[in-house]
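> Provided herewith is a single structure, encoded as structure tokens, for subsequent inquiry.
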Amino acid sequence: MSFHLIDIKDANELQRAAILDITRQFELTTKKIHDIKQHFINEMHKGLEKHGNSLAMIPSYVPGTPTGKEIGTFLALDLGGTNLRVCQITFLGGSEIKIKQQKYKVLESLKTGEARALFDFIAESIDRFLTDLGDEHNDGKLDLGFTFSFPVEQTAINKGTLLHWTKGFAATGAVGKDVVELLQDSLNRKNVPVRVAALVNDTVGTLLAYTYIIPNALMGVILGTGTNGAYVEKVKAIKKLGNFHFNSEDMIVNMEWGGFDNERKVLPITLFDNKLDRESINPRAQIFEKLISGMYLGEIARNVIIHLIDSDLLFKEIHFQFSNITYQRINQQWGFETAYLSRIEADLTPNLDNTNSILKNDLNVYESSLTDRQIIKRICQLIGIRAARLAATGLAAVITHRKAVESGCSIGIDGTLFEFYPHFEQRIRGTFDELIGSNADKIALGLARDGSGVGAAIAAMMAAKNRE
Ligand code: BGC
């Protein structure tokens, strides 16, 4: 399958050579994605066998999957990106759900300050949410499902220590601690009548919520600010659990696939990725995530753009005419947002007018030629295609490992990349054709918007049922 790339007709020879070189660096041949897929499957086995693998394969301890018939009211909390979401979720049976929710912005100072302040803020937000709801359910302790979208080594449905932060979080005093305890302490100190009943990753939450609607779904996936996948595994295949007794044959596993191939054995990493990684707050970690997810794609594009400016191959006309102001935005780390890539990829005007307006209005680059804009669009396409192809490779590895190629399966996906980035799904599908062949159309991909909150409430419900 070849992916459509914009033609750059009027590029000069030097530009052509540079574009060809960059195109090669970002391209993933069919052979390469087959190799990556195989390595992914091998790493899944390793992660299931022992702790500490870069593909962590973390057991979720969620006791079973929902039937859709359950009833009851539970709280859910979702921490993992820009916002903290607090929800009250009522299961009405018959796969029907009623949700009341509120979002609270997580300030940068909380993300990188002391963990205690972050968890106090969460407890206060829950308190505020309950006050706004009124007293209707405040007779005794409310059970809460906590979606915590970071790598946590779980040891029970309501216990898990933070391995490391990702996605720009770096609060001190949390790594190595049980995040349920941290939250429960803050709730107790502030007299908020809530019991943290279940801890789930957002991928696990997404899968649970999806299963409530589509029974027997195989995977829950996030393709947004960060990326990760969870899937249903046979308990007996999770060798590192030893003789642990579990009340079901299956258990959801949070793969933490962002850390896949941190050793860089198969992933083709470019100079531009290395620069991003070195300058990030978690160098040498989450390498797969850094090639795929929304937090990073803009920055990779910025690195390529800067390289071409510095090589005198981009914006030549303005290079010597304007002051530094022109490049102020583009010189800044994270100055080129992934949302621009999305808009540039969607720009179908012959003169790339929308791309021009991003350059002018968002980046203060006032003069650009059509060739400049075409080159920029090509860069965005290369980065977007590579991201979708790598995501598809991870999905195909799980589908193959679970022997679901011939029978087919359903996958619930949440996240801005999957929902809004142009052609993302289509590029995943194109890659499935190469990796899975004629059975590719038996794989159903569905949007599972905001599933993780509902999923956390389902986990709380199942944990409460198990306690009875
Ligand atoms: C985290 C995962 C999470 C993913 C999607 C990654 O950075 O490590 O736990 O599932 O982001 O939010």
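> Around residue 454, with a cut-off of 14 angstrom between Cβ atoms, what is the net charge of the other residues, counting Lys and Arg +1 and Asp and Glu -1?
Value of the local net charge: -2.
> On a full-extension model of 0.36 nm per residue, what is the gain between residue 16 and residue 364, subtracting their alpha-carbon distance, rounded to one decimal in nm?
122.7 nm
> Next up: Counting helices only, and only those DSSP H runs with n ≥ 4, report the 222 nm mean residue ellipticity of the chain as the sum of -39,500 (n - 2.57) divided by its residues, in deg cm²/dmol to the nearest 500.
Mean residue ellipticity at 222 nm (helix-derived): -13500 deg cm²/dmol.
> Where Rh denotes the Kirkwood radius from the mean inverse Cα pair distance, what is Rg over Rh for region 277-429?
1.04
> Further question: Using a Debye calculation, one point per C-alpha and no hydration shell, please list log10 I(q)/I(0) for the chain at q = 0.13 Å⁻¹ in order.
For the chain, the Cα-only Debye profile gives -1.17.
> Over region 1-131, what portion of Cα pair distances is larger than 23 Å, expressed as a whole percent?
It works out to 68 percent of all Cα pairs.
> Using only Cα atoms, locate the centre of region 69-124 and the centre of region 176-218, then give the distance between them in Å, rounded to an integer.
Using only Cα atoms, the two centres lie 9 Å from each other.
> To the nearest 10 degrees, how steep is helix 115-133 against the longest Cα principal axis of the chain, on a 0 to 90 scale?
Helix 115-133 and the main axis of the chain meet at about 70 degrees.
> Kindly put 263, 425 in sequence by how many other C-beta atoms sit within 10 Å of each C-beta, fewest to most.
Result, fewest neighbours first: 263, 425.
> Also, I was wondering about something else. Can you work out the Karplus-derived ³J(HN,Hα) for every residue in region 160-167? Use 6.51 cos²θ - 1.76 cosθ + 1.60 with θ = phi - 60°, whole Hz, and x for glycine or proline.
x, 9, 6, 7, 6, 7, 9, 6
> Using only Cα atoms and rounding to the nearest 10 degrees, what angle (0 to 90) does helix 13-26 make with the longest principal axis of the chain?
Roughly 20 degrees, rounded to the nearest 10.
> Which net charge results when you count Lys and Arg as +1 and Asp and Glu as -1 among the other residues whose beta-carbon is under 12 Å from that of residue 389?
That sum, taken over residues with Cβ under 12 Å, equals +2.
> Would you please give the residues with an amide H less than 5 Å from that of residue 443, counting only those at least 5 places away or on a separate chain, with H modeled from the backbone geometry?
Here the answer is 409, since their amide H atoms fall under 5 Å of that of residue 443.
> Considering the Cα trace of region 212-359, what is its radius of gyration and what is Dmax, both in angstroms?
Both quantities, over Cα of region 212-359: 21.2, 71 Å.
> Right, next: Please list 3J(HN,Hα) in residue order for region 437-450, calculated via the Karplus relation 6.51 cos²θ - 1.76 cosθ + 1.60 where θ = phi - 60°; whole Hz, with x for glycine and proline.
After applying 6.51 cos²θ - 1.76 cosθ + 1.60, I find x, 5, 7, 4, 7, 8, 9, 9, 9, x, 6, 10, 4, 6 Hz.
> Once you put a point 7 Å from the Cα of residue 159 and another 7 Å from the Cα of residue 189, both along the Cβ direction, what distance in nm separates them?
2.3
> May I ask for the angle, rounded to the nearest 10°, between helix 424-436 and the longest principal axis of the chain, with both axes built from Cα atoms and the value confined to 0 to 90°?
That helix lies at roughly 80 degrees to the long axis.
> If packing is taken as the mean number of other Cβ atoms within 10 Å per residue, what is the order of 398-411, 101-114, highest first?
Order by mean packing, descending: 398-411, 101-114.
> Counting Lys and Arg as +1 and Asp and Glu as -1, what is the net charge of the other residues whose Cβ lies under 14 Å from the Cβ of residue 8?
0
> Which number comes out as Rg/Rh for region 122-199 once both Rg and the Kirkwood Rh are worked out on C-alpha atoms?
Expressed as Rg/Rh, it is 1.00.
> Please enumerate, by chain and number, the lysines with C-alpha under 21 Å from the C-alpha of residue 37, excluding those fewer than 8 residues away in the same chain.
Of all the lysines, those that pass the test against residue 37 - Cα under 21 Å, at least 8 places apart if same chain - are 46, 50, 234, 265, 290, 403, 442.
> So how do 32-45, 327-340 stack up, highest first, on mean other-Cβ count within 10 Å?
Listed from highest to lowest mean packing, they are 32-45, 327-340.
> Students often get this wrong: which residues of region 187-224 have the backbone nitrogen under 17 Å from the point 7 angstrom along Cα-to-C-beta of residue 248?
Only 197-221 pass the distance filter.
> For region 398-445, divide the Cα radius of gyration by the Kirkwood radius and give the resulting Rg/Rh value with two decimals.
Dividing the radius of gyration by the Kirkwood radius yields 0.98.
> Would you please classify the overall shape of region 186-245 from the alpha carbon gyration tensor, given that a ≥ b ≥ c denote the square roots of the eigenvalues, rounded means a/c under 1.5, and beyond that prolate means a/b larger than b/c while oblate covers the rest?
Here region 186-245 falls in the oblate category.
> Along region 216-228, what does the Karplus equation 6.51 cos²θ - 1.76 cosθ + 1.60 (θ = phi - 60°) give for ³J(HN,Hα), rounded to whole Hz, x for Gly and Pro?
Using θ = phi - 60°, the values come out as 6, 4, 8, 9, x, 9, 10, 10, x, 4, x, 9, 5 Hz.
Bear in mind that the values in this text are calculations on the coordinates, not laboratory data. Values in this document were obtained by computation on a predicted structure and should not be read as measured data. As a convention, Cβ positions derive from the backbone with ideal geometry for all residues, glycine included, and neighbour counts pool all protein chains shown.
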